[in-house]
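The values are calculated or read from the model by the stated rules, or taken from the named source; none is laboratory data. In this text the structure is predicted, and so the values were computed from the model without any measurement. Reconstructed Cβ throughout: ideal geometry from the backbone, glycine too, with neighbour counts over all protein chains shown.
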Amino acid sequence: MIKMISTIYERLLKARQLVETRSVELFKTEKYSSERFDMFVSLVLLTLSSERKLEANIYEDLVRELLGKDAYLLFVYDKLVATVSEAETNNFRL
């Protein structure tokens, strides 16, 4: 479990780096990187939502647009977060 949580953190850092790189590529500044990172986190949360599910192919397309060509590293990020969340829920259930 610790390894999975560590992987989530490492991938989140990688997402931050990719967002900054992509912002510089597109806008020649890191000015918009914070907003783009927030959009990435929102996408992950949307895929985890039971109310408004985001389809995998749409998630991947949007992540690729936000993060650039190395976005494939985060295509399964939503599944990793869901797995850890589910495992934690099951461990703490009485």
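Taking the numbered list (1) modelled with pLDDT of 85 or more; (2) within 12 Å of the chain's Cα centre (by Cα); (3) more than 22 Å from ALA87 (Cβ to Cβ) in turn, ASN57 passes all entries but (2).
Is it true that TYR77 is of a type in the set (Phe, Trp, Tyr) and touching a residue at least 24 places away in the same chain (Cβ under 8 Å)?
Working: of a type in the set (Phe, Trp, Tyr): yes; touching a residue at least 24 places away in the same chain (Cβ under 8 Å): yes.
Here the answer is yes, as TYR77 does meet what is asked.
From the list ARG11, ARG16, exactly one residue is outside any loop (DSSP other than H, G, I, E, B), buried (at least 16 other Cβ atoms within 10 Å of the Cβ) and in contact with a Leu (Cβ under 9 Å, 6 or more places away or on another chain). Which is it? Even if it seems obvious, please write down each step before you answer.
Values: ARG16 fails: in contact with a Leu (Cβ under 9 Å, 6 or more places away or on another chain).
Just one listed residue meets the conditions, ARG11.
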